[in-house]
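The values are calculated or read from the model by the stated rules, or taken from the named source; none is laboratory data. Every value quoted in this text rests on a predicted model; they were computed, and no experiment measured them. Glycine also receives a Cβ, built like all others from the backbone with ideal geometry; neighbour counts cover every protein chain displayed. For the accessible areas, the whole protein counts, side chains as well, though only heavy atoms, and no ligand, DNA or RNA atoms are used. Shrake-Rupley method; radii C 1.70, N 1.55, O 1.52, S 1.80 Å.
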Amino acid sequence: MIAKALFWGSLAALGWTHAGYPAAMGVLARVRPRPVRKREQTPSVALVVSAHNEEAVIRRRIENALALDYPAEMLDVVVASDGSTDLTDGIVGELAASNPRVRLLQCPREGKVAAQHRAVRETSSDVLAFTDANSEWRPDALRALVANLADPEVGYVCGQLRLESPDGANMEGAYWRYEMWVREQESAASSITAGNGAIYAVRREAYVEDDPRFGHDFGFPYLMEQRGLRAVYEPAAVATEKPAAEPEDEYGRKVRTISRALGHILTGRALRPVRPLYLAQLVSHRVLRYSTGILHVALLVANLMLVTVAPFYRLFLVLQLAGLGLAGAGKARLPIPGARLAYYYYVVTKATAAALVRYLRSGTPQTWEKAKGTR
């Protein structure tokens, strides 16, 4: 029966991507660990800050970069201004005039990745590090990153992004902590399947000047694998950012980032020849995870079709509706245990479906806009 196949297939896929795969990677990380051969080192680094109309935060970002615990003569800060029309360029120019370690690279409005490519061409450091204009790095973050690049098998390393309110309160939710745990297991056993734009580094010879429509966050990990290198996660390299004020603001950001990630998957770029284990990781953690919106709709529709078949399906329908009700309570900010987490999960799941629609309509956008409330 088609309805049963749809029901059980969707349920199995959701169970695997959310629970089975993380558990399997956790076991693999302990049974067959693949440790990184880290070593303290201080190669020359160009820290590239991508910026478009970031006058509110760019001064603080540069000052934070200059204050890193890293030899001053080995670190340059390059601000790749992607067609900024506010005071961003003026502020960076002022700082550059008084500090030779700071450089302004004015780029036409072509998008973040195109600006990063220009910055790479204009520098000659051993290591390329990247960050966003609204991020702040802990003083030892750069040292922690580059220690991983002492391992010749590692081409890319990303750090840990923590979301904190202006008063320093930790705003990380259970879902975010869960994602970071999964990433840590992937790194311990193999390679990560995605990074983040707030804090990462690449050895220069491993840098790929790829199509500027496709971002580094999702692209670089699989590009490293396709070149016989690893992409790893370093939780000791910490960056902080202000989180979006509301789940609805986070929803818009998720739609944008997932629609970009879908470009890597639906074009087949990410699925080109890689190790079988890594291909299984991509399917389990990315393909299925970005399909959760469709899978939940399929599960609900199949459940409705089967509700008269057996008591189990009636009970499961009640559970699905109860989950939606709990998410609704979270949206209404009712003080019910688990309601906020349920609403966040609903928002992220809805974003996967909206991202697919957006990608099918307009493809992968080359330019980007900053998320509301994160500056």
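On inspection, V113 qualifies as more than 26 Å from Y21 (Cβ to Cβ), of a type in the set (A, V, I, L, M, F, W, C), at pLDDT below 95 and not in a strand (DSSP E or B). Taking the listed residues N134, N99, N64, the one that is within 21 Å of the chain's Cα centre (by Cα) and either over 21 Å from V36 (Cβ atoms) or of a type in the set (D, E, K, R) (or both) is N134, with no other qualifying. Scanning region 61-76 for residues that are open to solvent by 60 Å² or more (accessible area, probe 1.4 Å) and either outside any helix (DSSP H, G or I) or on the phi > 0 side of the Ramachandran plot (or both) yields A67, D69, D76.
Mind checking whether some residue in region 224-233 is of a type in the set (D, E) and under 16 Å from G155 (Cα atoms)? Yes, there is a match, as at least one residue in region 224-233 is of a type in the set (D, E) and under 16 Å from G155 (Cα atoms). Quick check on region 243-266. Is at least one of its residues open to solvent by 20 Å² or more (accessible area, probe 1.4 Å) and touching a strand residue (DSSP E or B) at 6+ places or on another chain (Cβ under 6 Å)? The answer is yes; a qualifying residue exists.
Would you confirm, using the coordinates I've provided, whether D86 is under 20 Å from A114 (Cβ atoms) and open to solvent by 30 Å² or more (accessible area, probe 1.4 Å)?
yes
For E136, the requirement of being at pLDDT below 95 and either closer than 26 Å to F220 by Cα or open to solvent by 50 Å² or more (accessible area, probe 1.4 Å) (or both) is not met.
Residues in region 324-351 that are open to solvent by less than 50 Å² (accessible area, probe 1.4 Å), more than 24 Å from T257 (Cβ to Cβ) and in contact with a Phe, Trp or Tyr (Cβ under 8 Å, 6 or more places away or on another chain): G328, A329. Tallying residues that are modelled with pLDDT of 90 or more and open to solvent by 10 Å² or more (accessible area, probe 1.4 Å) within region 150-177 yields 5. Only one entry in A29, A5, A23 is surrounded by fewer than 20 Cβ atoms within 10 Å (Cβ to Cβ), within 22 Å of the chain's Cα centre (by Cα) and without any contact (Cβ under 8 Å) to a residue 24 or more places away in the chain, namely A23. Only one of the numbered conditions (1) at pLDDT 90 or above; (2) open to solvent by less than 40 Å² (accessible area, probe 1.4 Å); (3) closer than 22 Å to A261 by Cβ; (4) not aliphatic (A, V, I, L, M) is not met by Y313, and that is (3). Being closer than 18 Å to G90 by Cβ, assigned to a helix (DSSP H, G or I) and not aromatic (F, W, Y) is a condition met by at least one residue of region 40-59. Can you confirm whether region 278-291 contains a residue that is more than 18 Å from the chain's Cα centre (by Cα), closer than 30 Å to N148 by Cα and open to solvent by 40 Å² or more (accessible area, probe 1.4 Å)? Yes, region 278-291 contains at least one residue that is more than 18 Å from the chain's Cα centre (by Cα), closer than 30 Å to N148 by Cα and open to solvent by 40 Å² or more (accessible area, probe 1.4 Å). Mind checking which residues of region 209-232 are outside any helix (DSSP H, G or I), at pLDDT 95 or above and touching a His at 6+ places or on another chain (Cβ under 9 Å)? Of everything in region 209-232, nothing turns out to be outside any helix (DSSP H, G or I), at pLDDT 95 or above and touching a His at 6+ places or on another chain (Cβ under 9 Å).
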